[in-house]
Amino acid sequence: MEHIELFFKSIFIDNMVFATFLGMCSYLAVSKKVSTAVGLGAAVIFVLAITVPLNWMLDQYILQPGALKWLGAEYASYDLSFLSFIMFIATIATMVQLVEIIVEKFSPSLYNSLGIFLPLIAVNCAILGGSLFMQSREIATLGLATTYGVGSGIGWFLAILAIAAIREKIRYSSVPAPLRGLGITFIITGLMAIGFMSFGGMLTGGDEEEKSDTNELSVMPVDESNELTIQATALEDKLTQVNQ
Amino acid sequence: MGLLSKKDSKLISDPLLDNNPITIQVLGICSALAITAELQASIVMSISVLFVLGVGNVVISLMRNIIPSKIRIIVQLVVVAALVIIVDQVLKAYAYELSKTLSVFVGLIITNCIIMGRFEAFALGNGPWRSFLDGIGNAAGYGFILILVGFFRELLGSGTLLGYAVLGDPIEKTGLYAIGYENNGFMLLSPMALIVVGLIIWVQRSRNKALIED
């Protein structure tokens, strides 16, 4: 349930493009035709699904304050979180390179459709943004991190697909000359983003009490050493509430 | 302009308007939009990018002859990431509240396309001094749009500038509010940033017909 919730949340409510404006550069540059947009979108899903869980592990076992505990008690006080930018981007750049080599070797047809987009992706803000949001929202488990990666990838795919389709059609409309191209694309994206805001109540149904509840479950605080105890105490609280 | 030759000063003035990174080159939009609800955040973001792009361009330009072209993207990313870590740590130390507002967007300067774009297009082929000017110019063009958007969004959305109430007090109905003016809360929502940038592009291209796309 938690997974499904996070999945839909990352596709619609926290949509990469419409809610946080990540990956706008390639979103605007590669959305002139639907076919290329599909290629780039698929590549983004693919890379996000790999790098977010990978960076989650990196964050959890190396970078976080106290994450080096598994090396021995004397390392428990280390806080390497200031290195996270450089570690994340290095992971992303190497993974993209690796994926490119593997895909080229084993699936030339996929490489032909995805290949040219892969180098573009290393510097796509959506990819780094996925990892940074994963870190700042304190996603609790590896499974959730994967779900988050795939979900945000699909959200980005959806966005670029929609804008590419609109741009193909809008060529036949009479847009004021200075607005043509970039200007109208910006405004359409803005309107689409306003539309996407209506998904905001999707998971909560507008019910405030439930909202605080879902936040607690989907984004559990990890600053304590053991998340399980937090979950357990939350359950206990609920039980006592029910008992009363 | 005793210090700068005509060609050099063009490097700074060009990106401000006719070759603006955001509205013409379409670079660096991601971070430009999300943090412009307040003028202060826009200004800090502009300064951060100015620092990273100015210094980064010089560093890349100094190393341009020893970077193997196959791994240049990784080298560039490492240089930017190191500079961004400096910015992030400085912000955390001296402007903690603000660094919370900017949250991940400081980190996203790394993948800001302006930076990689200028490294690729300019610093790899030019000397350090010209690269420095190019970096400053492009960052200034980026900052110009950012501050413009931030200015309008904060003024129209919350009636303040840098946190000071310039239009009067909405609760006590002083200043403009006395004659029935209301804040447009819509401007604070993030989609409005896109629409404001769209309108800026519209104004700019109406003034300079050469920029119109077909």
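Data table
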item: Span-rule helices in chain B, defined as complete DSSP H runs reaching 18 Å or more along the axis (Cα) with Kyte mean at least 1.6; result: B:39-63, B:72-94
item: Accessible area buried at the A-B interface, both sides summed, 1.4 Å probe (Å², nearest 100); result: 3500 Å²
item: Interface residues, segment B:55-94 - accessible area loss of 40 Å² or more versus chain alone, probe 1.4 Å; result: B:Ile74, B:Leu77, B:Ile85
item: Whole-Å distance, taken between Cα centres, linking segment B:72-122 and segment B:167-204; result: 30 Å
item: Of all accessible heavy-atom area on segment B:97-214, the percent that carbon and sulfur account for (1.4 Å); result: 66 percent
item: Complex-versus-alone comparison for segment A:1-46, residues with a loss of 40 Å² or more in accessible area, probe 1.4 Å; result: A:Phe21, A:Cys25
item: Entries in B:Lys6/B:Lys209; A:Lys9/A:Lys69; A:Lys32/B:Lys100; A:Lys32/B:Lys6; B:Lys7/B:Lys70; B:Lys70/B:Lys100 that, when Cα-Cα distance is taken, lie over 27 Å; result: A:Lys9/A:Lys69; A:Lys32/B:Lys100; A:Lys32/B:Lys6; B:Lys7/B:Lys70; B:Lys70/B:Lys100
item: Dipole magnitude of segment B:1-72 about its Cα centre (Cβ charges: Lys, Arg +1; Asp, Glu -1), debye to nearest 20; result: 420 debye
item: Most mobile of B:Leu124, B:Leu98, B:Leu16 in a GNM of chain B (Cα contacts under 10 Å); result: B:Leu98
item: Gap separating the Cα centres of segment A:29-105 and segment B:133-163, nearest whole Å; result: 32 Å
item: Residues with amide H under 5 Å from that of A:Gly23, placed H, sequence gap 5 or more; result: A:Cys125, A:Ala126
item: Carbon + sulfur, % of accessible area of segment A:2-203 - ligands and nucleic acids excluded, 1.4 Å; result: 70 percent
item: For segment A:134-139, 3J(HN,Hα) per residue [Karplus equation, 6.51 cos²θ - 1.76 cosθ + 1.60, θ = phi - 60°, Hz, x = Gly/Pro]; result: 4, 6, 6, 8, 6, 5
item: Shape category assigned to segment B:81-214 from the gyration tensor of Cα positions, a/c cut at 1.5; result: oblate
item: Shielding score for A:77-89, defined as the mean number of other chain Cβ atoms within 10 Å; result: 4
item: Point-to-point label distance, A:Lys105-A:Ser198, nm (Cα→Cβ direction, 7 Å offset); result: 4.9 nm
item: Cα gyration tensor shape of segment A:2-203, rounded if a/c is under 1.5, else prolate or oblate by comparing a/b with b/c; result: prolate
item: Accessible area of segment A:2-203 divided out per residue, in Å², using a probe of 1.4 angstrom; result: 40 Å²
item: Length-normalised contact order of segment B:31-213 in % [C-alpha pairs under 8 Å, at least 6 apart]; result: 33 percent
item: Chain B: most fluctuating residue of B:Ala41, B:Ala82, B:Ala123 per GNM, C-alpha cutoff 10 Å; result: B:Ala82
item: FRET efficiency for B:Arg72 and A:Ser81, using Cβ-Cβ distance with R0 set to 35 Å, rounded to 0.05; result: 0.80
item: Per residue, in Å², the accessible surface of chain B once ligands and nucleic acids are set aside, probe 1.4 Å; result: 46 Å²
item: Choice from B:Ser61, B:Ser42, B:Ser69 with maximal GNM fluctuation in chain B (Cα, 10 Å cutoff); result: B:Ser69
item: Exposed GluC sites (Glu not before Pro) absent - longest run of chain B, DSSP non-H/G/I/E/B, at most 14 other C-beta within 10 Å; result: B:1-171
item: Vicinal HN-Hα couplings computed from phi for segment A:83-100 (Karplus, 6.51 cos²θ - 1.76 cosθ + 1.60; Hz; Gly/Pro x); result: 7, 5, 4, 5, 5, 4, 5, 5, 4, 5, 4, 5, 4, 4, 4, 5, 4, 4
item: For the protein assembly as shown: rounded, prolate or oblate by the Cα gyration tensor [a/c cutoff 1.5]; result: rounded
item: Estimated [θ] at 222 nm from DSSP helical runs (n ≥ 4, -39500 (n - 2.57)) normalised by residues in chain B, nearest 500; result: -20500 deg cm²/dmol
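The values are calculated or read from the model by the stated rules, or taken from the named source; none is laboratory data. Predicted model, so just to flag it, every value in this text is computed and none were measured. A quick note on method: Cβ atoms are made from the backbone with ideal geometry, for glycine too, and the neighbour counts reach across all protein chains shown. Accessible surface areas use protein heavy atoms only, side chains included; no ligands, DNA or RNA. Shrake-Rupley method; radii C 1.70, N 1.55, O 1.52, S 1.80 Å.
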